[in-house]
Number of protein chains: 2
Amino acid sequence: MAEDNDSLPTLHPVAGLRLGTTCAGFKVPGRRDLVVCALAEGTEVAAVFTRNAFRAAPVQVAEAHLARCAPRYLVINTGNANAGTGQSGLQAAHETCELLAAEAGCDAQAVLPFSTGVIGEPLPMAPMREGLPRALANLDEAGWSDAAHGILTTDTVPKGDSHRLLVDGKPLTVTGIAKGSGMIRPDMATMLAFVALDARVPQAVLAACLERAVEGSFNRITVDGDTSTNDACVLMATGQGELSVERAEGPTFEALCAAVGEVCESLARAIVRDGEGATKLIDVRVEGGRDRAECLQVAYAIAHSPLVKTAFFASDPNWGRILAVVGRAGLEELDIDAVELWLDEVCIVRRGGRAEDYTESAGQAVMSRNAITVRVVLGRGEVSDHVWTCDLSYDYVRINAEYRT
Amino acid sequence: MAEDNDSLPTLHPVAGLRLGTTCAGFKVPGRRDLVVCALAEGTEVAAVFTRNAFRAAPVQVAEAHLARCAPRYLVINTGNANAGTGQSGLQAAHETCELLAAEAGCDAQAVLPFSTGVIGEPLPMAPMREGLPRALANLDEAGWSDAAHGILTTDTVPKGDSHRLLVDGKPLTVTGIAKGSGMIRPDMATMLAFVALDARVPQAVLAACLERAVEGSFNRITVDGDTSTNDACVLMATGQGELSVERAEGPTFEALCAAVGEVCESLARAIVRDGEGATKLIDVRVEGGRDRAECLQVAYAIAHSPLVKTAFFASDPNWGRILAVVGRAGLEELDIDAVELWLDEVCIVRRGGRAEDYTESAGQAVMSRNAITVRVVLGRGEVSDHVWTCDLSYDYVRINAEYRT
């Protein structure tokens with residue numbers, strides 16, 4: 001989605017975390033494509049990874065390393081996902097960690113590798129070998145903006161969010177960056193997202209906070225229903241600030257979750273808004289369901305329907321397509337006469353047919369907006385949930401048809 | 001998919017069945033959009049309908065009428081689906097039957113109505129009122145080709161198939177027509193398809209034959225995963241030929257099923273081949289599964305992936321996308337090292353990574369074909385199944401973005 005302004009908000013440094021970015025030449029020469037993130041001693045790290053059965057080599061290695069010791073470095077390359085690369089891909093991921101460890105003087109298991117880009121091609125090691133020393137030489141607490149650019153693939157804008165606030169009267173800084181923007185339907189994880197804060201938080205508490213934040217943000221978005229082999233979301237707590245969060249409950253923990261959740265939600269929305277070819281941000285809300293599962297079942301069915309998505313692209317209030325999706329979403333005993341359909345403030349369907357007061361011009365007015373809420377009221381319970389998605393445009397096809405050429 | 005030649009094969013008349021087609025002007029003036037089908041007394045009719053909860057008014061009426069008496073007439077209009085139209089839509093469907101019954105001199109319940117086209121707009125009755133007498137005046141056993149044109153919406157070519165064969169030494173004629181071509185993922189039913197034969201077949205036997213035929217044809221195709229509110233497939237046996245099929249078992253029944261199945265499969269393939277914007281016909285086969293359900297789960301996940309479909313459009317052997325879909329398809333305990341991936345005769349993936357002997361040029365050669373078999377070998381069982389689908393092109397977006405304008 002073309003933004004009015006592709007500049008990032010101010011990304012406040014997080015004490016104890018430095019980022020270095022360089023152009024290593026993995027795919028396109030002269031493009032920032034390698035990021036190293038250095039963590040001060042004592043930093044706690046929690047992460048969630050893709051649940052795709054074909055987990056990329058770096059995902060496997062990062063998860064194993066994280067289970068063994070506290071990470072000191074993250075290394076992220078774009079241009080090549082090192083996925084579907086079998087045994088040699090695992091070797092490449094391990095070698096990446098060893099190269100960085102040798103340069104930085106740490107244990108290779110203290111390095112977490114991340115890769116994003118094309119699947120199924122060997123990760124070229126020469127750019128890695130040449131790029132790592134340059135990225136390390138650039139390490140800087142002010143390196144967030146460069147890093148936000150350095151992790152992008154088909155994204156058209158960098159994505160970051162940052163907040164400074166007081167919790168229990170003590171300052172807290174939360175800063176995060178993320179990348180989309182195709183193969184997006186995170187499931188317990190996301191595309192690459194890196195969020196850091198300066199409080200002291202034990203790993204178990206940090207993991208609980210991350211789970212909460214991801215559930216309400218990255219796990220509520222979809223661009224095309226495709227879950228990547230490389231999704232990962234990392235939350236780091238450097239412990240260099242004044243705040244300390246001891247337990248995974250109570251008001252201080254809630255405040256931490258709210259702050260992290262806000263950054264994650266902002267990044268998640270930014271990913272959808274910049275979904276491949278997207279021109280509209282669509283919030284699909286399903287209300288009046290019996291349980292959360294059926295609300296999400298309907299919401300995802302709508303969010304994945306190519307017919308609905310192309311109608312949004314065309315700004316065409318072709319609500320019959322949405323109704324048809326609700327009807328095929330697999331809900332048992334759905335009483336279609338109880339269903340209502342709203343686009344923003346306009347009620348379109350009541351009692352199985354067009355609302356008496358609906359006019360095409362009112363529907364058209366809503367569809368012309370670039371952020372729209374679709375609201376389906378099932379009328380059979382008290383539960384609601386939602387997902388964010390985007391439309392399906394010519395550019396989605398162009399971007400994905402031309403991706404490797 | 002642009003066909004070399006959009007002419008239909010010879011559609012043999014089925015004794016006892018006459019078709020009349022006219023331009024009634026439901027949506028586009030001068031376009032054949034109203035078809036009446038007259039059945040000789042004694043004709044048996046079986047049908048399957050959409051399982052979408054939002055069943056269009058004509059589907060509800062046709063099903064109710066079929067349960068009550070043997071149909072004498074079918075009436076099919078295109079340009080308007082009479083779906084999402086609530087109570088007034090039901091009235092319009094009933095009025096359609098009454099108009100035809102009055103003209104033809106039969107009971108209104110002996111008329112089955114079918115509609116296809118835009119959802120959510122009132123069915124205009126003036127074209128119906130003016131068109132029905134003209135369609136009745138055209139009734140002809142040779143009317144199949146005109147009817148094949150008269151039921152189309154966004155289809156670019158008419159779809160029909162016809163066979164004459166000997167069963168038990170007696171001649172059997174099976175002829176059918178169908179329309180696609182968007183909102184296609186039939187589920188126990190299909191888009192509109194009408195198939196007739198001249199044998200004498202009791203209704204229960206005919207219904208068993210239809211179920212078999214649909215399961216192997218229309219229930220194995222998907223264009224965009226969207227199930228229509230109006231899907232219907234009708235099988236008619238006029239009983240005017242020499243053949244008689246008494247029971248839903250034995251070699252004569254099997255021969256009947258094979259003949260009907262062949263016509264249905266041909267129509268189903270034609271629907272996918274003419275899927276909106278389609279340039280390629282893709283047969284997604286999943287082998288070595290534990291059961292049919294998991295084979296279809298993987299096959300549909302591949303067939304619905306926008307990333308896979310755009311890669312086929314681009315003739316790009318981006319097999320990593322297929323692998324990623326297999327990985328997210330939700331199979332428990334999938335051993336990725338056992339998975340193989342083939343494009344036609346080319347093995348691309350073995351043991352979780354690229355096959356040693358795979359070359360990009362071999363993959364490219366397959367992807368340039370306009371009919372391709374994707375074969376996923378799960379390596380965990382003996383069951384296989386498949387679905388047909390097509391690619392996702394600019395034209396899919398154009399057709400569906402411009403549909404109502």
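The values are calculated or read from the model by the stated rules, or taken from the named source; none is laboratory data. As the structure is a prediction and not an experimental result, all values here were calculated from the model. Here the Cβ is made from the backbone with ideal geometry for all residues, glycine too, and neighbour counts use every protein chain on show.
Just the residues that are surrounded by fewer than 17 Cβ atoms within 10 Å (Cβ to Cβ) and either assigned to a strand (DSSP E or B) or within 12 Å of another protein chain (Cβ to nearest Cβ) (or both), please, taken from segment A:358-372. Full working, then the answer.
First pass over segment A:358-372, keeping only residues surrounded by fewer than 17 Cβ atoms within 10 Å (Cβ to Cβ): A:359-361, A:364-365, A:368-371.
Within segment A:358-372, A:E360, A:Q364, A:A371 qualify.
Spot the failing condition for A:P317; the list is (1) crowded, with 24+ Cβ neighbours inside 10 Å; (2) part of a helix (DSSP H, G or I), and only one is missed.
(2)
Do the conditions hold for A:L296, that is, is it more than 8 Å from chain B (Cβ to nearest Cβ), buried (at least 24 other Cβ atoms within 10 Å of the Cβ) and either at pLDDT below 90 or farther than 23 Å from B:T85 by Cα (or both)? Give the derivation first.
Details: more than 8 Å from chain B (Cβ to nearest Cβ): yes; buried (at least 24 other Cβ atoms within 10 Å of the Cβ): no; either at pLDDT below 90 or farther than 23 Å from B:T85 by Cα (or both): yes.
Judged against the criteria, A:L296 is not a match.
Quick one: which residue in A:R328, A:R351 is surrounded by fewer than 21 Cβ atoms within 10 Å (Cβ to Cβ), within 13 Å of chain B (Cβ to nearest Cβ) and at pLDDT below 90? Don't jump to the end; show me each part of the working.
Details: A:R328 fails: surrounded by fewer than 21 Cβ atoms within 10 Å (Cβ to Cβ).
Going through A:R328, A:R351 in turn, the sole match is A:R351.
Give segment B:30-55 a look and list any residue that's at pLDDT 90 or above, over 22 Å from B:M236 (Cα atoms) and of a type outside the set (K, R), or say none.
To start, the set of residues in segment B:30-55 that are at pLDDT 90 or above comprises B:30-47.
Still in the running and over 22 Å from B:M236 (Cα atoms): B:30-32.
Of everything in segment B:30-55, just one residue is at pLDDT 90 or above, over 22 Å from B:M236 (Cα atoms) and of a type outside the set (K, R), namely B:G30.
Exactly one condition in (1) buried (at least 17 other Cβ atoms within 10 Å of the Cβ); (2) free of Cβ contacts under 8 Å to residues at least 24 places away in the same chain; (3) more than 9 Å from every other protein chain (Cβ to nearest Cβ); (4) within 29 Å of the chain's Cα centre (by Cα) is false for B:V346; which is it?
Unmet condition: (4).
Restricting segment B:75-101 to residues that are assigned to a helix (DSSP H, G or I) and closer than 17 Å to A:A324 by Cβ, which is modelled with the lowest pLDDT? Break it down stepwise before answering.
Here is the first cut: in segment B:75-101, the ones assigned to a helix (DSSP H, G or I) are B:86-101.
Those still in the list that are closer than 17 Å to A:A324 by Cβ too: B:86, B:89.
Working: B:G86: 86, B:G89: 93.
The qualifying residue modelled with the lowest pLDDT is B:G86.
Working carefully through the options A:A270, A:A255, find the one that is part of a helix (DSSP H, G or I) and closer than 11 Å to A:W388 by Cα. First the steps, then the outcome.
On the way: A:A255 fails: closer than 11 Å to A:W388 by Cα.
None of the other options fit; the residue is A:A270.
Restricting attention to segment A:374-391, does a residue exist that is under 30 Å from B:D316 (Cβ atoms), at pLDDT 90 or above and within 11 Å of another protein chain (Cβ to nearest Cβ)?
The answer is yes, given that some residue of segment A:374-391 is under 30 Å from B:D316 (Cβ atoms), at pLDDT 90 or above and within 11 Å of another protein chain (Cβ to nearest Cβ).
Looking at segment A:100-122, I want the residues that are away from chain B (no Cβ under 14 Å) and have a partner that is charged (D, E, K, R) and buried (at least 18 other Cβ atoms within 10 Å of the Cβ) with Cβ atoms under 6 Å, at least 6 apart or on another chain. Which pairs are those?
A:C106/A:R72; A:A110/A:R72
Table: residues versus (1) surrounded by 20 or more Cβ atoms within 10 Å (Cβ to Cβ); (2) closer than 23 Å to A:A213 by Cα; (3) assigned by TED's automatic domain parsing to the domain that holds A:S115.
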site	(1), (2), (3)
A:A135	yes, no, yes
A:A147	yes, yes, yes
A:I151	yes, yes, yes
A:K159	yes, yes, yes
A:L165	no, yes, yes
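Looking only at segment B:330-353, decide whether some residue is under 30 Å from A:G277 (Cα atoms), part of a helix (DSSP H, G or I) and among the charged types (D, E, K, R).
no
Just name the residue that is surrounded by the fewest Cβ atoms within 10 Å (Cβ to Cβ) out of those in segment A:223-271 that are within 14 Å of chain B (Cβ to nearest Cβ) and charged (D, E, K, R). First the steps, then the outcome.
We begin by selecting, within segment A:223-271, every residue within 14 Å of chain B (Cβ to nearest Cβ); these are A:223-231.
Pick out the ones that are also charged (D, E, K, R) and you get A:224, A:226, A:231.
Working: A:D224: 28, A:D226: 22, A:D231: 28.
Out of the qualifying residues, it is A:D226.
State whether one or more residues within segment B:19-36 are of a type in the set (D, E), under 21 Å from the mean Cα position of the chain (by Cα), surrounded by fewer than 18 Cβ atoms within 10 Å (Cβ to Cβ) and away from chain A (no Cβ under 14 Å). Steps first, please.
The first filter runs over segment B:19-36 and keeps only residues of a type in the set (D, E), leaving B:33.
Applying the additional criterion that residues be under 21 Å from the mean Cα position of the chain (by Cα) yields B:33.
Next, from what is left, pick out any that are surrounded by fewer than 18 Cβ atoms within 10 Å (Cβ to Cβ): none.
Scanning segment B:19-36 turns up no residue that is of a type in the set (D, E), under 21 Å from the mean Cα position of the chain (by Cα), surrounded by fewer than 18 Cβ atoms within 10 Å (Cβ to Cβ) and away from chain A (no Cβ under 14 Å).
For segment A:282-336, name all the residues that are basic (K, R) and in contact (Cβ under 8 Å) with a residue 60 or more places away in the chain. Show your work before the answer.
Narrowing segment A:282-336 to residues basic (K, R): A:285, A:290, A:292, A:309, A:321, A:328.
If the condition is that a residue be basic (K, R) and in contact (Cβ under 8 Å) with a residue 60 or more places away in the chain, then A:R285, A:R290, A:R292, A:K309 are the ones that fit.
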